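Q: So that we are looking at the same thing, I have put the structure below in structure tokens.
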Amino acid sequence: MSFNEIAVIGAGQMGSGIAHVCALAGYKVQLIDMTMDRAEAGIATITGNMNRQVTSGRISESEREAALDRIRPADTYDQINQADLVVEAATESEEVKRSIFTEICPLISDDAIICTNTSSISITRLASATDRPEKFMGLHFMNPVPVMELVELVRGIATSDETFEAVRTLAERLGKQWTSAEDFPAFIVNRILLPMINEAVYALYEGVGSVEGIDKAMRLGANHPMGPLQLADFIGLDTCLSIMQVLYDGLADSKYRPCPLLVKYVEAGWLGRKAGRGFYDYR
Ligand code: CAA
């Protein structure tokens, strides 16, 4: 099965990035969020990021225009029945994701496949909130989506081979490399990346180094493109905390205990770059 139109639910940093790469690859895209303002903000992000790609010569102006023309913002599911693939990229909350699936399943076409961009939650459990677990799987993009080469493909217990093949082919058409991960908490990338970030927060909490010192150590000492605290701000501290909680709950090992300082920052609303403040001040 090949796709023609893709509905992306959630116009935040991941959803807008997913809409960006799908539109550039030639797919029609609906970018759906709860309000038109949020959906339009997603389009503004995409436009800004495509402009960067034009400036650096990665795409032409006409490719940008054609891609932007293929994306339509929406604040309802009125046209979701036209999509043959739905990619859910809402907040990293099982409750939010389940309620979206419950709402869209009666509306979408019987043949439509649903993917979730969850970065940690069980695909099998999320699939149980749909009427089509065989047509459901994880398609996990990395941030920033237009730049990062990898997607993780994750099957639930009931995902069919046809669904996996259709989504794998899509990933390749989007120009992504893929790796297949089993349905374990946080899959591969975040199983490894988030405990490192959490450990960096512990190092800060215990006074091993300053924010700048810890980031510099990992940038220059381990050749990471961003320090772990800067990366945490970039991902969003709320997302980092929810992934650590999924690891802690799902694997029941104290090594995954979220650092109390991470919890405190999230409670303060210091969610990183998107909130203007995290480990760094962006105001
Ligand atoms: N859209 C389009 N292009 C973008 C972009 C975006 N959002 N962000 C950066 N770029 C482009 C720039 O235009 C530039 O392009 P050219 O090479 O063509 O000039 C290129 O990417 C590099 O960007 P910059 O020069 O601005 O900055 P940089 O060299 O510092 O790279 C970075 C920025 C790519 C973000 C780099 O710092 C990096 O790789 N950081 C680590 C990112 C990472 O680890 N992501 C994974 C997060 S984990 C995750 O996503 C999983 C999860 O579920 C939480």
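The numbers here are math on the coordinates, done by the rules we state, and not lab data. Note that the structure is a prediction, hence the values are computed from the model and not measured. As a convention, Cβ positions derive from the backbone with ideal geometry for all residues, glycine included, and neighbour counts pool all protein chains shown.
Q: To the nearest 10 degrees, how steeply does helix 189-205 sit against the main Cα axis of the chain, on a 0 to 90 scale?
A: Approximately 30 degrees, to the nearest ten.
Q: For SER210 and ARG257, what does the FRET efficiency come to when R0 = 25 Å and r is the distance between their Cβ atoms, rounded to the nearest 0.05?
A: The formula returns an efficiency of 0.65 here.
Q: Let me ask something additional. Relative to the longest principal axis of the C-alpha atoms of the chain, give the angle of the C-alpha long axis of helix 237-251, reported between 0 and 90° and rounded to the nearest 10°.
A: 90
Q: What are the principal axis extents of the Cα atoms in the chain, in Å, biggest first?
A: Sorted largest first, the three principal extents are 54, 45, 32 Å.
Q: How far is helix 13-24 tilted off the main Cα axis of the chain, in degrees rounded to 10, range 0 to 90?
A: Long axis of 13-24 versus the principal axis of the chain: about 40 degrees.
Q: Sequence-distant or interchain residues sharing an amide H contact under 5 Å with VAL87, placed H: which?
A: Under 5 Å from the amide H of VAL87 lie the amide H atoms of ALA7, VAL8, ILE9, CYS115, each far enough along the sequence or on another chain.
Q: About the Cα centre, and with charges only on the beta carbon of Lys, Arg (+1) and Asp, Glu (-1), how big is the dipole of the chain? Nearest 20 debye, please.
A: Taking the Cα centre of the chain as origin, the dipole is about 780 debye.
Q: Enumerate the residues in the stretch 65-97 having an amide nitrogen under 19 Å from the point lying 7 Å beyond the Cα of ARG58 toward its Cβ.
A: What the label zone holds, given the 19 Å backbone N cut-off, is 65-71.
Q: Please give the FRET efficiency for GLU267 paired with SER99, using the beta carbon to beta carbon distance and R0 = 25 Å, rounded to the nearest 0.05.
A: With R0 = 25 Å, the Cβ-Cβ based efficiency is 0.55.
Q: What are the trypsin sites (Lys or Arg not before Pro) within the stretch 108-163 that DSSP puts in a loop, where the Cβ has at most 14 other Cβ atoms within 10 Å?
A: Listed in order of number, the matching sites amount to none.
Q: Rounded to the nearest Å, what's the spacing between the alpha carbon centres of the stretch 173-228 and the stretch 1-75? Just the number, please.
A: 27
Q: Also: Taking the Cα atoms of the stretch 37-193 alone, what are Rg (to one decimal) and Dmax (as a whole number) in Å?
A: 16.1, 44
Q: Could you bin all the Cα-Cα distances of the stretch 127-221 into 5 Å bins starting at 0 and give me the percent of pairs in each, rounded to whole numbers?
A: P(r) over the stretch 127-221, rounded to whole percents: 3, 12, 17, 16, 15, 12, 9, 7, 7, 3, 0.
Q: Starting from the Cα-Cα distance between THR35 and ASP75, subtract it from 0.36 nm times their residue separation and give me the gain in nm to one decimal.
A: 13.9 nm
Q: Give me the extension gain from THR47 to HIS224: residue separation times 0.36 nm, minus the current Cα-Cα distance, reported in nm with one decimal.
A: Gain on stretching THR47 to HIS224: 60.9 nm.
Q: Give the longest segment of the chain that steers clear of GluC sites (Glu not before Pro) in DSSP loops with at most 10 neighbouring Cβ atoms within 10 Å, not counting the sites themselves.
A: Excluding the exposed sites themselves, the longest stretch runs over 1-148.
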